[in-house]
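Notes to accompany the following structure.
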Amino acid sequence: MRGQKAFGLAKGGRRDTVHRMDSHVDINRDHWNGMAEEWVAAGEKAWASGSPYWGIWEVPERELGLLPEDMAGMDAVELGCGTGYVSGWMARRGARVTGIDLSAGQLATARRLAGEHGADIRFEEGNAEALPFADGAFDFAISEYGAAIWCDPTVWLREAWRVLRPGGRLVFLGHHAFVYLTTPLNGAACERVLHRAYRGIGRVDWTQVEIDPGGIEYSLTFADWITLFLEIGFSVEGLKEVYAPEGVTGEEFGIPAAWSRDFPAEHVWWLRKG
Ligand SMILES: C[S@@+](CC[C@H](N)C(=O)[O-])C[C@H]1O[C@@H](n2cnc3c(N)ncnc32)[C@H](O)[C@@H]1O
């Protein structure tokens, strides 16, 4: 698969499928089940890592700080957990962890790796836009390229808010809007040129692109992110834009490192309920 790009820029999906009648959830479920095998090695590597790292540039946790140091006694949920390594890192910090994902294939890897690493994690198959959890069930919610990009933010963020306790925190990492704006419409790698309107970015459909087609993703303008957070009832505790670290070369998931030394490929938001 050319799905090197599939971290977020949903490339490498099933090229033969006509999805016109399907929702983004159905399309993305097919996409991820079709690709699950190709994510096993990355999952194994991350589960084996003694310390967390994030995103396409594998930036160490000590530089980004997505996870509370001590999660003892916390109920934590990962929204779109994939192979479950973030859930594993939270379990190692003492949290009671639930991971939810749309893809049975991804969850099979997550369950196997949790078993091999002796992690007691509840993995559920389901949609992060309609969480099968009670109101106020969790202290902490996280998504690294899960719900963060594959779900409609006007829906999944409300669900995340609902399942958090008052004062609970949501952290998520996904592509920066620049990635969507500067990817040519045929699906080639990011350029230093704008190819889409920033205004109303919303739903980005990669299913029909010429180069390495994939699934459906979502992004917002920064004003729209903040307006939505406040409308739902989140307060914003932090935002970081993530650039390619010095020394990284080549291209990851259709994002050239040289490009991302000048443009952030990712954003991380830290939100609090109430
Ligand atoms: C890039 S993985 C992110 C997980 C993890 N950080 C990783 O990289 O393996 C994206 C995951 O989001 C999941 N996903 C996509 N749409 C979803 C939805 N609506 N609800 C739950 N999970 C979803 C996919 O099945 C996939 O496993």
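The values are calculated or read from the model by the stated rules, or taken from the named source; none is laboratory data. Since the structure is predicted, the reported quantities are computational estimates derived from the model, not experimental observations. Counting neighbours? That spans all protein chains shown, and the Cβs are built from the backbone with ideal geometry, glycine included.
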If I filter the range 72-94 for residues that are within 27 Å of Leu239 (Cα to Cα), away from the ligand (no atom under 14 Å from the Cβ) and without any contact (Cβ under 8 Å) to a residue 24 or more places away in the chain, do I get at least one hit?
yes
Of all the residues that make up the range 212-242, how many are of a type in the set (Lys, Arg) and loosely packed, with under 13 Cβ neighbours inside 10 Å?
0
Consider the range 83-110. How many of its residues are out of contact with any strand residue (DSSP E or B) (no Cβ under 6 Å at 6 or more places or on another chain) and assigned to a loop (DSSP other than H, G, I, E, B)?
5
Confirm whether Glu78 is buried (at least 21 other Cβ atoms within 10 Å of the Cβ) and charged (D, E, K, R).
yes
Selection from the range 119-142 of residues touching a strand residue (DSSP E or B) at 6+ places or on another chain (Cβ under 6 Å), surrounded by 16 or more Cβ atoms within 10 Å (Cβ to Cβ) and under 15 Å from Asp75 (Cα atoms) yields Ile121, Phe123, Phe138, Asp139, Phe140, Ala141, Ile142
Can you confirm whether Gly55 is modelled with pLDDT of 95 or more, in contact with a Phe, Trp or Tyr (Cβ under 8 Å, 6 or more places away or on another chain) and surrounded by 15 or more Cβ atoms within 10 Å (Cβ to Cβ)?
yes
For the list (1) within 27 Å of Lys273 (Cβ to Cβ); (2) not in a strand (DSSP E or B), I need the number of the one condition that Glu237 fails.
(2)
Please go through (1) in contact (Cβ under 8 Å) with a residue 60 or more places away in the chain; (2) β-branched (Val, Ile, Thr); (3) part of a strand (DSSP E or B) for Ile211 and return the number of the only condition it doesn't satisfy.
(3)
Between Glu210, Glu191, Glu217, Glu159, which is within 16 Å of the ligand (Cβ to nearest atom) and either under 27 Å from Asp262 (Cβ atoms) or in contact with a Pro (Cβ under 9 Å, 6 or more places away or on another chain) (or both)?
Glu217
Gly43 - would you say it is out of contact with any helix residue (DSSP H, G or I) (no Cβ under 9 Å at 6 or more places or on another chain) and either without any contact (Cβ under 8 Å) to a residue 40 or more places away in the chain or surrounded by 15 or more Cβ atoms within 10 Å (Cβ to Cβ) (or both)?
no
Failed item, numbered, when Phe138 is tested on (1) hydrophobic (A, V, I, L, M, F, W, C); (2) closer than 27 Å to Ile27 by Cα; (3) in contact with a Gly (Cβ under 9 Å, 6 or more places away or on another chain):
(2)
